Amino acid sequence: MLIKRAFGIIEIVVALGLFAVVGVTGITMVLHSFTANRLGNEQTLASNTTSSGLEIVRNIKTQNWSNLVAGTYGLKNTAGIWSLSTLPETWDKYTRTVTIEDSQRDGLGNIVDSGGSADPNTKKVTVSTGWNVGAARNNSVILSEYFTNFGKTISSTGDAIIAWGDTTTTPKWNTYSNTTDLFGTKSNLVVGESARNMIVKTSPTKTEALAAYTSATGLLHVQCYNGTTWTEDFTTTVGGTGTTRRFDIGFEKTTGDAMIVYSTNTTTTNELAYRTKAGSSGCGAANWTAATNLNPVRTSGIVHWVRLESDPRSGQNILGLAWADAQSDLSAMMWNGTSWVNEPTAVSENSLDIVVVGQDEETFDLTFESITGNLMLVWGRTVSNNTNGVRYRQCTGGNATCTWSTVTTPPTFLDDATNLDISSNLSSNEIIFASVGTNQSDLQVGYWNGSSWTNTANLDTSCTTPFAGSQKVATGWLKSGATTRSIIVYDDQGSGRINWYVGNAGSFTAQTDFLQNPVFSTNQGYYKIIMDPKNSDRFMFVVVDASNDLFAKRLVMNATPTFTWTNSDSAAALELNLSQNIAGPFSLDYWRN
């Protein structure tokens, strides 16, 4: 009996112990479940509060990008409108905080924590919601996101950028809005020197522009715009005094790689050099390759003029290059995406037309046929009887190893061609040509139908005579619906108006002079037509007159066709103090990306 009673007591003790363990465990599980459930609810509330905070900041950004200033804030709602508050936002045991930070990008455009360039159009926004779980325990939910100023329009269809040199040591630039048909307020490029020649080209793959100019001391400055700021990437000596343009810029169509070719101011060997920048790289000196010498075989004098042209066809990275030296020799090459190749087996010309001395005038031009990619090179040759001083040759095949034709004289021209210009129809293989010579001062035009030239001489026999470095004729194309026309603008003697012809294939019709406002000073210095790559029915005509004043006028054509000139410069000079009126003292390009 004692033994049985003892076992009963032991069983009771064990049972009580088990009950205690099970009870405590159960109570602990219940308490843990309650705590976890409460913490989960708090976590969910904090997560929702944090993500909604990001959306509120996004709304504030949409109201005005300038609202996002670096700092720490709360959020407040006044009459249904959210804004940033200098005081943190608190309720119950929660606090929501917004932190805005400025951002930086490296040369490739990647966002970096430090060591990059400031990007005022990108902000890092962090929203955190914190709360006390217990007396000695805090918790928080944190979310971060980069906001961009997507409302900032840099490259809207038909917008453009223009740059020029004035009499100061800081070149100027301006933007053009296609929507308003107006230019903005001029601004400064990077401080450097008074710019004598200017070239601006825009990237076909991103919002980037290059501006290059030379000074009166022959120093080439290359500056880069990333859509926000300008930087000066490098300088190099090209020689001259700015009366000739010894450099040019080109972009490969597909890769967006940039190319600058320039004179080395030397004779006999390595008269040219070039540098490139990958389309994937941003602005900055470190992103340019070192200079590579280019040794022409057919020319040996100091190079005075350089012309680059990009193949306009999709999927191509071909560039065409032509140059003229102090001995009035002309030659050309092709860029295959890797190297310069295919200089013709003989010099294209050894007696380029001049005004006084060689080579004081550009007197040549080149362009690609838009469909085939065949390159057309045209120039003016010195001729003793002033009859048909025009020559041309093609490189056919649509690739860098294209075949150069023999030098050919186009038919029926009667005059010399000191100033000349050619341009391609953007939707066909047609090319338009126009020239004015120093001896006859006559306007003559030519039409290339894709296989041959037909020419019209003496359209105007009283043009203003070209002078060294001048460009008194410009060509372009307009297309609206099924209607296509070529346009020739030229400097008529004693006229301060826009004098122009319209071409329909090989037939040309004089138009009533456009009496723009203000009237140009007579004997204008430099003409340029820049066609809008996005809107084929319009182009910009830019001119610097005898008073060194800069003007820009737009021409639009409808399908009728009816032509409308407008004063895009607001009927006032964009600049009154250009550094000179010769050798391209300004340059405009439309955004192409």
For this session: Evaluate the stretch 213-232: report whether one residue or more is acidic (Asp, Glu), within 17 Å of the chain's Cα centre (by Cα), buried (at least 21 other Cβ atoms within 10 Å of the Cβ) and more than 19 Å from Ala468 (Cβ to Cβ).
Result: no
Exercise. Going by the conditions given, is Ala400 in a loop (DSSP other than H, G, I, E, B) and touching a Phe, Trp or Tyr at 6+ places or on another chain (Cβ under 7 Å)?
Worked result: yes
Exercise. Quick one: what pairs do we get from the stretch 443-467, first residue outside the structural domain of Val357 (by TED's automatic domain parsing), second modelled with pLDDT of 95 or more and in a loop (DSSP other than H, G, I, E, B), C-beta under 8 Å, 6+ apart or different chains?
Worked result: none
For this session: From the list Val556, Val544, pick out the single residue that is among the aliphatic types (A, V, I, L, M), in contact with a Pro (Cβ under 7 Å, 6 or more places away or on another chain) and in the same structural domain as Lys201 (by TED's automatic domain parsing).
Result: Val544
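Quickly run through the stretch 459-487 and pick out the residues that are part of a loop (DSSP other than H, G, I, E, B) and among the aromatic types (Phe, Trp, Tyr).
Step one: of the stretch 459-487, the residues part of a loop (DSSP other than H, G, I, E, B) are 461-462, 464-470, 472, 481-482.
Correct list: Phe467 only.
Determine whether Gly315 is modelled with pLDDT under 95 and either within 29 Å of Asn110 (Cα to Cα) or not in a loop (DSSP other than H, G, I, E, B) (or both). Quick ask: steps written out before the conclusion?
On the way: modelled with pLDDT under 95: yes; either within 29 Å of Asn110 (Cα to Cα) or not in a loop (DSSP other than H, G, I, E, B) (or both): yes.
So Gly315 fits the description; yes.
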Exercise. What number of residues within the stretch 311-328 satisfy the criterion of being among the polar types (S, T, N, Q) and farther than 20 Å from Trp379 by Cβ?
Worked result: 3
Exercise. Do you know which of the residues in the stretch 70-103 that are surrounded by 11 or more Cβ atoms within 10 Å (Cβ to Cβ) and among the aliphatic types (A, V, I, L, M) is farthest from Gly53 (Cα to Cα)?
Worked result: Ala70
Exercise. Taking the stretch 410-458 only, how many residues are assigned to a loop (DSSP other than H, G, I, E, B), surrounded by 20 or more Cβ atoms within 10 Å (Cβ to Cβ) and among the β-branched types (Val, Ile, Thr)?
Worked result: 2
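Do any strands (runs of 3 or more DSSP E) entirely within the stretch 511-593 hold 2 or more residues that are over 30 Å from Asp257 (Cβ atoms) and among the basic types (Lys, Arg), and if so, which?
Answer list for the stretch 511-593: 550-557.
Taking the stretch 414-443, which residues are polar (S, T, N, Q) and under 33 Å from the mean Cα position of the chain (by Cα)?
Filtering the stretch 414-443 down to residues polar (S, T, N, Q) leaves 418-419, 423-425, 427-429, 435, 438-441.
Correct list: Thr418, Asn419, Ser423, Ser424, Asn425, Ser427, Ser428, Asn429, Ser435.
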Exercise. Does the stretch 267-277 contain any residue that is assigned by TED's automatic domain parsing to the domain that holds Pro171, among the hydrophobic types (A, V, I, L, M, F, W, C) and either at pLDDT below 95 or farther than 19 Å from Glu349 by Cβ (or both)?
Worked result: yes
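Does Thr483 satisfy the criteria of being in the same structural domain as Arg196 (by TED's automatic domain parsing) and touching a residue at least 40 places away in the same chain (Cβ under 8 Å)?
Criteria met by Thr483.
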Exercise. When Ser66 is evaluated against the numbered criteria (1) closer than 16 Å to Tyr146 by Cα; (2) at pLDDT 85 or above, which criterion, by number, is the only one it fails?
Worked result: (2)
Exercise. Do we find a residue being without any contact (Cβ under 8 Å) to a residue 60 or more places away in the chain, touching a Cys at 6+ places or on another chain (Cβ under 9 Å) and assigned by TED's automatic domain parsing to the domain that holds Thr241 anywhere in the stretch 365-382?
Worked result: yes
For this session: Under 6 Å between Cβ atoms, at least 6 apart or on separate chains: pull out the pairs that start in the stretch 220-236 with a residue that is in a strand (DSSP E or B) and end on any residue that is surrounded by fewer than 20 Cβ atoms within 10 Å (Cβ to Cβ) and among the aliphatic types (A, V, I, L, M).
Result: Gln223/Val190; Trp230/Val190; Glu232/Val190; Asp233/Ala285; Phe234/Ala285; Thr235/Leu219
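Here's the yes/no breakdown for (1) assigned to a strand (DSSP E or B); (2) more than 21 Å from Gly450 (Cα to Cα):
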| residue | (1), (2) |
| --- | --- |
| Gln327 | no, yes |
| Met333 | yes, yes |
| Val357 | no, yes |
| Asp360 | no, yes |
| Trp379 | yes, no |
| Asn386 | no, yes |
| Arg393 | yes, no |
For this session: Would you be able to say whether some residue in the stretch 345-366 is of a type in the set (Asp, Glu), surrounded by 23 or more Cβ atoms within 10 Å (Cβ to Cβ) and farther than 30 Å from Ser441 by Cβ?
Result: no
Problem set entry | Tally of residues being surrounded by fewer than 23 Cβ atoms within 10 Å (Cβ to Cβ), more than 9 Å from the chain's Cα centre (by Cα), within 22 Å of Asn287 (Cβ to Cβ) and touching a residue at least 40 places away in the same chain (Cβ under 8 Å) across the stretch 190-204 | 2
Seminar exercise, completed: Subset of the stretch 515-572, residues closer than 17 Å to Thr180 by Cβ and free of Cβ contacts under 8 Å to residues at least 12 places away in the same chain, comes to Thr564
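The values are calculated or read from the model by the stated rules, or taken from the named source; none is laboratory data. If you're wondering where the values come from, they're calculated on a predicted model, not measured in any experiment. Cβ coordinates were reconstructed from backbone atoms using ideal geometry, including for glycine residues, and neighbour counts include every protein chain displayed.
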